[in-house]
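Working notes for the structure below.
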Amino acid sequence: MDKKTKMEKTEKKYGWKGADSKMKKKIMKFCDGYIDFLNAAKTEREAAIEIVRIAREAGFKDIKEVESLVPGSRVYSVNRSKSVYMAVVGEDVLTEGFNLVGAHIDSPRLDLKQNPLYEDGNMALLKTHYYGGIKKYQWTTIPLALHGVVAKADGSVATVNIGEDEKDPVFLVTDLLPHLSAKQNAKKLAEGVPAENLNIVIGSIPSESAEEENIKSTVLELLAEKYAMKEEDFKSAELEAVPAAKARSLGIDGGMIAGYGQDDRVCAYPELMAMTEMAKKGIPKRTSLAIFADKEEIGSMGNTGMSSHNFELFLMELLEKSGIVHPYALQRTLSHARALSADVTAAFDPTYAEVMEKNNASWVGKGVNIKKYTGTRGKSGASDANAEYVGFVRGIFEKAGIVYQSSEMGKVDEGGGGTIAYILADRGMEVLDCGVPVHSMHSPYESASKYDIYMAYLAYTAFYESF
Ligand code: MN
Ligand code: MN
């Protein structure tokens, strides 16, 4: 055997090339489940419902239903219908720390304003205020669905979901025709479609009973009929316009997935699967925790975002119900904790290669990605994982045969971003960013590689099982 052949034989194959037909089948099956999750859970509220449904199927109980905890106990807690915490109690005492994977379940979208409905141009329209970092022009002339809740003054809450069923109508933000776009085309891309132009068409048939504002009246009559709501109920509603399109396999080989809200469901779903599958296998040595947070896209603020101390309350309940009462128990638990911040990163896109530095970019189909630090311009606002901890996580991944890559989000000074990692780190945990590379992040239709999604699942599983 000559030297070259020997090298080829022993060279480890990465990515799809390292996946045999059996593994490819597993990847495809796993991602079928993920596509269903994307279609069932387009908002944080829907994701929370879906997560609890899957958790309960795996034997998890609401922590409120549980008197005391023992190794193997599986519990969850829902924070105001928008974020979820889950735990599997390990053999080790909780103050020795826990293994946490944390993702977020909110995604960029168009929120309705609190006085949204008006009539103009012989149509009824809805005013919006966008949520998260969007490129506004991407949200015109695509089918939109309305999801959310209307909380009324009498305490009742109506759930709204219009535009997902094939028989449902959809909603739309119009754009200017090219024939009359000379001025719009000359504007900067970011200014071509101003935020106040993101108005959603909701109706066009005048009411038979109303004298004036006929079309708006039709809309109100239908809302009253369907949701028993009045116009003033918009004031206490959370209605979110999201792309109505279904998630689909991408490419003739079906190797990728295109769909809305993959930032960050593409990490949340593998995290949920890793958590529930691990729980079915047996009792982990260290307690395993999962966070599904809201409000990441607007800074993690508020009582449903990662900054909320409701997460500590969940930990305190775990401690209390495990019989651990000590003045420093919470801080001790936190400072011994190990976490992965499960969030997406930007995959190298050959069409926009100029924003990437190739030696430190992540690629679709090359595995789950770790990011030692995030931040913008001189690591400002970064969560920077300690070298020792990155080495520790690498050790777990390498032992488990996880295919992973290491990157930062783009060229230095090109931009940047962050995740919930810094908030976990602030509380004393070791944290490393670890997630799936995506294309067209924050667009109405993001894409990611099925290989990387499955590798994220294996990585989170190995992490949960580590001690
Ligand atoms: Mn994210
Ligand atoms: Mn994001």
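Hey, what angle do you get for helix 262-281 against the long axis of the chain, alpha-carbon based, 0 to 90 degrees rounded to 10?
It works out to around 50 degrees.
Quick one: grab the alpha carbon gyration tensor of segment 335-467, order the square roots of its eigenvalues as a ≥ b ≥ c, and give me rounded if a/c is under 1.5, else prolate or oblate depending on whether a/b is larger than b/c. Numbers along the way, then the final one.
Working: a/c = 1.85, a/b = 1.24, b/c = 1.50.
Oblate.
Bin width 5 Å, origin at 0, all Cα-Cα pairs of segment 109-243: what percent of pairs per bin?
2, 10, 18, 22, 19, 15, 8, 5, 2, 0, 0
How high is the FRET efficiency from Tyr352 to Ile298, r the C-beta distance, R0 30 Å, rounded to 0.05?
Details: r = 25 Å, r/R0 = 0.84.
Once the sixth-power term is evaluated, E becomes 0.75.
So which GluC sites (Glu not before Pro) in segment 208-257 end up in coil per DSSP with only 10 or fewer other C-beta atoms within 10 Å?
Working: sites: Glu208, Glu211, Glu212, Glu213, Glu221, Glu225, Glu231, Glu232, Glu238, Glu240; in loops: Glu208, Glu211, Glu212, Glu213.
When the GluC sites (Glu not before Pro) of segment 208-257 are filtered for loop state and at most 10 Cβ neighbours within 10 Å, Glu208, Glu211, Glu212 remain.
Calculate the length of the line joining the C-alpha centroid of segment 208-253 to that of segment 309-370, in whole Å.
Computed from Cα coordinates, the inter-centre distance equals 36 Å.
Got a sec to turn the phi values of segment 447-461 into Karplus ³J(HN,Hα) couplings, 6.51 cos²θ - 1.76 cosθ + 1.60 with θ = phi - 60°, whole Hz, x for Gly and Pro?
9, 8, 8, 4, 4, 5, 5, 5, 5, 4, 4, 5, 5, 5, 4
Points 7 angstrom from Cα along the Cβ direction at Glu166 and Lys280: gap in nanometres?
3.0
What distance in nm lies between label points placed 7 Å from Cα along the C-beta direction at Leu189 and Arg248?
2.4
Got the relative contact order for the chain handy, in percent, Cα pairs under 8 Å and 6 or more residues apart? Mind dumping the intermediate values first?
Numbers: 1003 pairs, mean separation 101.7, N = 467.
RCO, the chain: 22 percent.
If I stretch the segment between Thr140 and Glu213 completely, what's the gain in nm (0.36 nm per residue apart, minus their alpha carbon distance), one decimal? Show your work: numbers first, answer last.
Values: separation 73, 0.36 × 73 = 26.28 nm, distance 2.53 nm.
23.8 nm is the gain from fully extending Thr140 to Glu213.
Straight-line reach from Lys13: which lysines fall under 19 Å, measuring Cα to Cα and dropping same-chain residues less than 8 apart?
Straight-line reach from Lys13, under 19 Å: Lys3, Lys4, Lys22, Lys24, Lys25, Lys26, Lys366, Lys399, Lys450.
Taking each pair of different alpha-carbon atoms in the chain once, compute 1/r for the pair, average those values, and report the inverse of that mean as the Kirkwood hydrodynamic radius in Å to one decimal. Walk me through the intermediate numbers first.
Working: mean 1/r = 0.0423 Å⁻¹.
Result for the chain stands at 23.7 Å.
In the full protein assembly as shown, how much of Ile420 is accessible to a 1.4 Å probe, in Å² to the nearest 10?
Only protein atoms counted, so the area is about 10 Å².
Keeping all protein chains in place and using 1.4 angstrom, which order do Ile205, Ile215 fall into by accessible surface area, from largest down?
Numbers: Ile205 120, Ile215 5 Å².
Greatest to least solvent exposure: Ile205, Ile215.
Enter the angle in degrees (range 0 to 90, nearest 10) between the Cα long axis of helix 44-57 and the first principal axis of the Cα atoms of the chain, meaning the one along which they spread out most.
That works out to roughly 50 degrees.
Report the equivalent ellipsoid semi-axes for segment 217-306 in whole Å, largest first, defined as the square roots of five times the eigenvalues of the gyration tensor built from alpha carbon atoms.
Numbers: eigenvalues 252, 99, 38 Å².
The answer is 36, 22, 14 Å, longest axis first.
At 222 nm, what value in deg cm²/dmol follows for the chain if DSSP H runs of at least 4 each add -39500 (n - 2.57) and the sum is divided by all its residues, to the nearest 500? Working shown, then result.
Numbers: 12 runs with 140 residues, N = 467.
That calculation yields -9000 deg cm²/dmol at 222 nm.
Once fully extended, how much extra length lies between Val412 and Ser21, figured as 0.36 nm per residue of separation less the alpha-carbon to alpha-carbon distance? Let's see the in-between values first.
Details: separation 391, 0.36 × 391 = 140.76 nm, distance 3.94 nm.
My answer for the length gained is 136.8 nm.
Scan around Arg109 for amide H atoms under 5 Å from its own, H built in the peptide plane at 1.01 Å from N, and keep only partners 5 or more places away or cross-chain.
For Arg109, the qualifying residues are Tyr131.
Using alpha carbons only, how many degrees (0 to 90, rounded to 10) separate the axis of helix 387-400 from the longest principal axis of the chain?
The angle comes out at about 80 degrees.
Given labels modelled 7 Å from the Cα in the Cβ direction, how far is it in nm from Glu312 to Tyr130?
3.5
Phe392 to Val157: extension gain in nm, 0.36 nm per residue of separation minus the Cα-Cα distance? List each step's numbers first, then the result.
Values: separation 235, 0.36 × 235 = 84.60 nm, distance 4.70 nm.
Separation in residues times 0.36 nm, less the Cα-Cα distance, equals 79.9 nm.
Using θ = phi - 60° and the Karplus curve 6.51 cos²θ - 1.76 cosθ + 1.60, what whole-Hz ³J(HN,Hα) does each residue of segment 143-153 get, with Gly and Pro shown as x?
Along segment 143-153, the couplings run x, 10, 10, 9, 10, x, 10, 10, 9, 9, 5 Hz.
Among 359-368, 451-460, how do they line up by average Cβ neighbours within 10 Å per residue, starting with the highest? It would help to have the intermediate numbers written out before the result.
Numbers: 359-368: 20.8, 451-460: 27.2.
My ranking of the peptides, most packed first, is 451-460, 359-368.
The values are calculated or read from the model by the stated rules, or taken from the named source; none is laboratory data. Note that the coordinates shown come from a computational prediction; the quantities given were computed from them, not determined experimentally. We place every Cβ from the backbone using ideal geometry, glycine too, and count neighbours over all the protein chains shown. Accessible surface areas use protein heavy atoms only, side chains included; no ligands, DNA or RNA. Shrake-Rupley method; radii C 1.70, N 1.55, O 1.52, S 1.80 Å.
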